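**Q** Have a look at the structure that comes next, please.
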Amino acid sequence: MKATHNGALRRSLGTVGTYTILSVISLIMIIPFLWMLSTSFKEPQKIFTYPPQLIPSTFRFENYTDVFKLIPFEWFYFNSVYIAFLVVGGTVFFASLAGYAFARIPFAGRNIVFLILLSAMMIPHEVTAIPMFLFMRELGWIDTHLPLILLPIFGAGGVFGIFVMRQFFITIPKELEEAAMIDGCNRFRIYGQIMLPIAKPGLATLTIFTFVTNWNEFFDPLIFINTRKLMTLPLGLSLFTDEVGTAWHHLMSATVMATVPLLIIFFLAQRQFIEGVAMTGLKE
């Protein structure tokens, strides 16, 4: 009886210790976000005061309205939103189709083709930047949003999506598919009516990864976009820094507004995301 009590006590202490460590780590990780939020309401001369003030003595809400007066922030926001949604939709659709094919449809050279696709993820983006720029220039797509939409869908981001969906589909029991075939379902019906509803956690995982990656993309817009009105948010935020310095209060205000969609997407799909990450690593 005493041994049982001691074992329960050790487990309780272990749980308390685990939650304490996680709470400390969470606090450390959230401090930069709180500082960004605090700076967004500060006056310029009070940003670097010592000792630092987490809560401003006076809240300067004009920082947020000034952002729209200094740069076409609403256009940057619109460009990022619609590009991100197109990239997420295209990546999820094509990656789920290809992932299902690699996981469930046997064909000659399937594993070899899959390995060749995975090798595309191993090539640094900087290596392909110049050839891709020259190719886009030949197509007349420079200073348009087409490279920012198509390259992530059919490039390394799409390959990553195929990998995620394949790993998820191979965890689904084959008996479901076999029963559907006996009932007369073809591959497309199995994919649309059976596999996709079951694969919601995997789809949520891919959606979040793709959205966050595309939303924060800076390198490709810097290469392909020249017109200010076509810029995305990451590129537009750089306009607050010039040869004189950085307008930190405006930059932090704009960054807070740019972070809102990321938080919304994550909290809406949080449970499916955690489940999808856990199941993506499983093998058949």
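**Q** So what's the back-of-envelope 222 nm ellipticity for the chain, counting only DSSP H runs of four-plus at -39500 (n - 2.57) apiece and dividing by all residues, rounded to 500?
**A** Rounded to the nearest 500, the figure is -22500 deg cm²/dmol.
**Q** Something else: If ligands, DNA and RNA are left out, what is the accessible area of L37 with a 1.4 Å probe, given in Å² to the nearest 10?
**A** Its accessible surface works out to 60 Å², give or take rounding.
**Q** Accessible area per residue, 1.4 Å probe, Å², for the chain: what's the number?
**A** With the other protein chains kept in place, the chain gives 60 Å² per residue.
**Q** Follow-up question, since we're still on this one. Quick one: ranking I182, I112, I83, I105 by accessible area, 1.4 Å probe, largest first, what do you get?
**A** I182, I112, I105, I83
**Q** What number comes out for the charge environment of D220, summing +1 per Lys or Arg and -1 per Asp or Glu over other residues with Cβ under 15 Å away?
**A** Here the count lands on -2.
**Q** Under 8 Å for C-alpha pairs, at least 6 residues apart: give me the relative contact order for the chain, rounded to a whole percent.
**A** 31 percent
**Q** Considering only protein heavy atoms, with the full assembly of protein chains and a 1.4 angstrom probe, order D242, D66, D183 by accessible area, largest first.
**A** Result of the area sort, largest leading: D183, D242, D66.
**Q** Okay, moving on. May I ask you to work out the translational diffusion coefficient for the chain at 10 °C, viscosity 1.306 mPa s, via Stokes-Einstein with Rh from the Kirkwood sum over Cα pairs, reported in whole µm²/s?
**A** 71 µm²/s
**Q** From largest accessible area down, sort W215, W248, W141; use a 1.4 Å probe on the protein chains.
**A** Reading off the accessible areas and sorting them downward yields W248, W141, W215.
**Q** Then there's this: GluC sites (Glu not before Pro), restricted to region 141-249: which are DSSP loop and have at most 15 other Cβ atoms within 10 Å?
**A** Here the GluC sites (Glu not before Pro) that fit, given the DSSP loop and packing criteria, are E243.
**Q** Can I ask one more? Just to verify a number: what accessible area does M257 come out at with the full protein assembly present, 1.4 Å probe, Å² rounded to tens?
**A** That residue has around 40 Å² of solvent-accessible surface.
**Q** With a Förster radius of 51 Å, plug the Cβ-Cβ distance of R228 and M121 into 1/(1 + (r/R0)^6) and report the FRET value to the nearest 0.05.
**A** Plugging the Cβ-Cβ distance into 1/(1 + (r/R0)^6) gives 0.95.
**Q** Next question, about the same structure. Just to confirm a number: summing +1 for Lys and Arg and -1 for Asp and Glu over residues other than V92 whose beta-carbon lies under 15 angstrom from that of V92, what do you get?
**A** The answer is +2.
**Q** Please identify the chymotrypsin sites (Phe, Trp or Tyr not before Pro) of region 18-62 that satisfy two criteria: DSSP loop assignment and at most 14 other Cβ atoms within 10 Å. Which are they?
**A** F48, F59, F61
**Q** About its Cα centre, what dipole magnitude does the chain give when the only charges are +1 on Lys and Arg Cβ and -1 on Asp and Glu Cβ, stated in debye to the nearest 20?
**A** 880 debye
The values are calculated or read from the model by the stated rules, or taken from the named source; none is laboratory data. The structure presented is a predicted model; accordingly, all values stated were derived computationally and were not measured. Note that we place each Cβ from the backbone using ideal geometry, even for glycine, and neighbour counts take in every protein chain shown. SASA here: full protein model, heavy atoms, side chains in, ligands and nucleic acids out. Shrake-Rupley method; radii C 1.70, N 1.55, O 1.52, S 1.80 Å.
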